[in-house]
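Chemist: I'd like to ask you about the structure that follows.
The values are calculated or read from the model by the stated rules, or taken from the named source; none is laboratory data. Just so we're clear, the structure is a prediction, and the values are computed from it rather than from any experiment. Positions of Cβ are generated from backbone atoms using ideal geometry, with glycine treated the same way; all protein chains shown enter the neighbour counts. Remember, those area values only see protein heavy atoms, side chains included, never the ligands or the DNA or RNA. Shrake-Rupley method; radii C 1.70, N 1.55, O 1.52, S 1.80 Å.
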Amino acid sequence: MPDPVPPARSARRGSRLPRVLADVSPLREHADFRRLWFGNTVSYIGQQMTAMAVSLQVYAITGSSFYVGLVGLFSLVPLIAFGLYGGAVADVVDRRRLGLATSTALTLLSLALALVAVADLRSVAVLYAIVALQAVFFAMNAPARSSMIPRLLPPEQLPAANALASLAGGVGQMAGPMLGGVFVGFWGYQAAYLIDAAAFTASLYAMWRLPAMLPEARPAAGAGPGAPAVRRRPSVVEGLRYLGARPNLRTTFVSDLAAMVLAQPRVLFPAVAGLWFGGDTRTVGLLAAAPAVGALLGSVFSGWLGRVHHQGLAVLVAIGSWGAAVAVFGLTRDLWLGLLFLALAGCADTVSMVFRNTMLQAAAPDDMRGRLQGVFLVVVVGGPRLGDFLAGSAADLFTPTAAVVGGGLACVLAITLIGLFQRGFPRYDARDPVA
C-alpha cells in the first residue's frame, strides 16, 4: 500500500487549483460587480435566444436564407455606426442612467417582437426594423457598461473580471441559440422573446443598485495641479485623436485587426467541411463550435492571467498563437486534429481579448473609456466581417488551403512586425500602465 501524501504536499497541490481555474474574487468581494456580471450574463443569454428566434421566424416567413442573412446586416450597420457615438455619450453622461435607459429600451423591443409573434404579423420589414433598433440601443449600452468596470474593481482584478466576462459570453453564445431553438419549437417565437424581456430585468436591477457613474473630469490642458476639473463636451473625433496619440492603446486595436482580418477562417467552413474532411452540415457545425469551445475553456482556466504583468507581450504571443493555430488547421486533413487547432485558436483569442480590454480599462483616463470601448465594439464587430470577405476572396482566387494557411502565416508575420516597430508595447507593464 503506497504511503499517503504528506499534508504539506497535499495542501500545495490543492492550492494550485484556484490558480488555474478562473479567478472569481471580483464576484466574491464586490457585490456591485457581482450583480452586474450576473445581470449581463442572463440578459446576454436572452439576446442570443432572440437572435436565433428572429432568424427562425424570418426563414419561416420567407423560406430564404438570403433574407435570414439580411438580419445580420441590419444588426451590423447600426452597431458600427452607433458604436463610436455610444462611447462618446458614455463619456459625458451618468453611465448608470444611460445603462438603465438603453436596457429598458431593449426590454421594450423584446416585448415588441413578442407582440409581433402573437399577432402573427408576417412582415420581415417589421422584424428588420426592430432588430436594427436593438442594435442601436446595444451600441449605446455596451460602452457604458464596459467603462463602469474599472470604477467597481481595483486594477489588479481587471484581468479576472475580463476573463469572467469572456466566460459569460461563451456560455451565452453556446446556450442562448440552443435554448432559443428549444423554446420556439415547444411554445413559439413569442416564448423566446418574452423570456428575453424577462432576462433584461436582471441587468436593470443590477444597474439600479449601482451608484451614480458620472465620468471623472480632468483639469484643462495647461492648468496647474490645483486647477478645478473641467468637464469637456466630448466627441468621437476627440476620442480618435486621443487614441492616435497613445501608441500602446492604439496597438491593441491594430494587433486585433491583424488577427481578425488576416486569419479569419470561419467563412470557409462550409467549403472545407466537404473538401478536406468529407463531411456535411454537421461537420460545419463542429468547425464553427470548436473556437467557441476553446474560448470557453480559456476563460474557465484563466486563473493565471492575473499574474501576467507584461500584458502587451502577452497580447503579441496570444495573437501569434492564434495565427499559427489557424495556419496549422489549414494543413490538417484529420477532422479531430483540425478541431483541436481551432479550439487552441479560440483559447488564444480569449487570452488576447482579456489583456487588450484590461489595457484599455487601466491605461485610459475615465473620461475616455467610453469612447475607447466604442472603438473596441466597432473593431470586434467589423473586423471579423472584413476578414470573412478577405478569406472568401482569397479562396476564390486561389484555394481554401492557400487562404487559410496564408492568412494564418500573414497574421504571424504582421504581429511580429508590430512587436518590432512598436517596441514599447512588449514592455508594457500592468503595474505602471502607460497609454
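Chemist: Can you say whether PHE82 is under 26 Å from ARG385 (Cβ atoms) and more than 22 Å from the chain's Cα centre (by Cα), as far as the supplied structure shows?
Modeler: no
Chemist: Take the stretch 390-424 and flag every residue that is more than 18 Å from GLY330 (Cβ to Cβ) and surrounded by fewer than 18 Cβ atoms within 10 Å (Cβ to Cβ).
Modeler: THR416, LEU417, LEU420, PHE421, ARG423, GLY424
Chemist: If you scan the stretch 192-215, which residues turn out to be open to solvent by 20 Å² or more (accessible area, probe 1.4 Å), farther than 14 Å from ARG35 by Cβ and part of a helix (DSSP H, G or I)?
Modeler: Within the stretch 192-215, LEU194, ILE195, ALA198 meet the criteria.
Chemist: Still on this model: Out of LEU286, LEU257, report the one residue that is open to solvent by 20 Å² or more (accessible area, probe 1.4 Å), within 18 Å of the chain's Cα centre (by Cα) and not β-branched (Val, Ile, Thr).
Modeler: LEU257
Chemist: Does the stretch 260-268 include one or more residues that are closer than 26 Å to PRO426 by Cβ and open to solvent by 40 Å² or more (accessible area, probe 1.4 Å)?
Modeler: Looking through the stretch 260-268, at least one residue is closer than 26 Å to PRO426 by Cβ and open to solvent by 40 Å² or more (accessible area, probe 1.4 Å).
Chemist: Keeping to the stretch 414-432, report how many residues are part of a helix (DSSP H, G or I) and touching a residue at least 60 places away in the same chain (Cβ under 8 Å).
Modeler: 5
Chemist: OK, next. Exactly one condition in (1) in a loop (DSSP other than H, G, I, E, B); (2) loosely packed, with under 15 Cβ neighbours inside 10 Å is false for VAL237; which is it?
Modeler: Among (1) in a loop (DSSP other than H, G, I, E, B); (2) loosely packed, with under 15 Cβ neighbours inside 10 Å, the lone unmet condition for VAL237 is (1).
Chemist: So, one more: Here is a check on your reading of the model: is ALA435 among the aliphatic types (A, V, I, L, M), in a loop (DSSP other than H, G, I, E, B) and touching a His at 6+ places or on another chain (Cβ under 8 Å)?
Modeler: Judged against the criteria, ALA435 is not a match.
Chemist: So which pairs qualify, if the first residue must be in the stretch 35-46 and closer than 16 Å to LEU153 by Cα, the second must be among the small types (Gly, Ala, Ser), the Cβ gap must be under 6 Å, and the two must be at least 6 apart or on different chains?
Modeler: Correct list of pairs: ARG35/ALA206; LEU36/ALA206.
Chemist: Does the stretch 149-158 contain any residue that is under 20 Å from the mean Cα position of the chain (by Cα) and not in a helix (DSSP H, G or I)?
Modeler: Taking every residue of the stretch 149-158 in turn, at least one turns out to be under 20 Å from the mean Cα position of the chain (by Cα) and not in a helix (DSSP H, G or I).
Chemist: Restricting to the stretch 47-96, and then to whatever is free of Cβ contacts under 8 Å to residues at least 24 places away in the same chain and of a type outside the set (Gly, Ala, Ser), can you tell me which residue is most open to solvent (accessible area, probe 1.4 Å)?
Modeler: Applying the filter and picking the extreme gives PHE66.
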